[in-house]
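Notes to accompany the following structure.
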Amino acid sequence: MKRILSLVFALSFIDSAIAQSTPAFQATSAQSTASSSSKSSNTSTQLSPTSELLFLVEQLQQEVQALRGIVEQQEYQIKQLKQQGRDRYHDLDQRLLKLKESTSSASSNVSPHLNGATYTSAPSGANTVVEGAAALTATSAAGLAKVKTEPSAKQQREYQQAYDLIKQKKYDQAVDELHKFIALYPDSDLAGNAYYWLGEVYLVMPKFEQARQAFTVVVGSFPNHRKAADAMFKLGTTYHRLDNLKDAKFYLTEVVKRYPESSAAKLAKEYITKL
């Protein structure tokens with residue numbers, strides 16, 4: 001009987017202890033859960049800026065790739081333009097060569113009367129130098145070139161009008177007026193000046209091939225002109241701008257040889273050292 005009572009008392013004591021410990025365990029479990037959720041929340045908060053940075057980096061990478069594509073496309077277009085410029089340059093050289101050959105072969109059949117008609121029929125305001133150069137070449141080939149005449153008052157006035165347009169930076173109008181002057185007065189001493197300033201204007205515009213043609217006329221048709229040394233120097237620098245280093249050095253060296261005392265020769269020496 002005593003053993004039974006002892007067992008009943010022990011069981012009741014154990015039930016009481018379990019009942020008292022259960023709330024404490026539940027409270028501890030709740031705190032642990034809350035602490036875990038808080039840590040999870042903090043972790044997610046810490047990861048959010050990182051995700052945003054990754055997104056921004058991806059955007060920047062996409063923009064860089066797009067810019068690279070644009071740059072590559074522009075480089076390709078620039079290469080095409082350069083190639084087209086070289087092709088036009090060689091084409092013009094071939095045309096000038098054929099023009100000289102044709103005028104030389106026809107020189108024996110040219111009469112003074114016909115040659116004079118060539119000048120009077122030259123178009124006013126031509127857009128290129130080739131027409132004026134062709135007239136001078138034909139005259140020289142026929143052996144009928146006249147001694148350069150002193151400019152009249154009318155010629156000086158018309159030349160000054162064209163030159164004033166250059167000073168006013170009205171380059172398109174200046175080109176037209178210079179071409180008109182050359183067509184009207186090819187034998188004038190001022191024709192050499194007109195060709196020279198035509199080359200200078202084309203350099204400013206910039207139209208390097210047309211400038212090369214104009215300076216070539218001065219050097220070839222007006223070798224004793226006061227602008228010949230300057231024109232040869234400009235011809236050398238123009239070839240340099242056309243990426244023709246060989247011809248650039250040739251004409252710059254020729255300036256020093258032919259006109260050693262000129263200011264153009266000094267400039268040519270300095271320019272050669274920079275090539």
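The values are calculated or read from the model by the stated rules, or taken from the named source; none is laboratory data. Bear in mind that the values here come from a model prediction, so they are computed numbers and not experimental data. Quick reminder, even Gly has a Cβ in these numbers, built from the backbone with ideal geometry, and neighbours come from all protein chains shown.
Data table
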{"read-out": "Residues of the stretch 209-244 satisfying the condition of being of a type outside the set (Asp, Glu), within 18 Å of the chain's Cα centre (by Cα), part of a helix (DSSP H, G or I) and surrounded by fewer than 24 Cβ atoms within 10 Å (Cβ to Cβ)", "value": "Gln210, Thr237, Tyr239, His240, Arg241"}
{"read-out": "Residue identified as closer than 26 Å to Leu178 by Cα and of a type outside the set (Val, Ile, Thr) among Ala265, Ala211", "value": "Ala211"}
{"read-out": "Ala174 crowded, with 18+ Cβ neighbours inside 10 Å and either at pLDDT 95 or above or over 11 Å from Tyr185 (Cα atoms) (or both)", "value": "yes"}
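Let's see how each residue does on (1) free of Cβ contacts under 8 Å to residues at least 24 places away in the same chain; (2) in contact with an Asp or Glu (Cβ under 9 Å, 6 or more places away or on another chain):
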position	(1), (2)
Gln161	yes, yes
Lys167	yes, no
Tyr171	no, no
Val175	no, no
Leu178	yes, no
Asn193	no, no
Trp197	no, no
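Okay, residues lined up against (1) of a type in the set (S, T, N, Q); (2) farther than 15 Å from Gln156 by Cβ; (3) part of a helix (DSSP H, G or I):
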{"site": "Gln173", "(1), (2), (3)": "yes, yes, yes"}
{"site": "Ala183", "(1), (2), (3)": "no, yes, yes"}
{"site": "Tyr195", "(1), (2), (3)": "no, yes, yes"}
{"site": "Pro206", "(1), (2), (3)": "no, yes, no"}
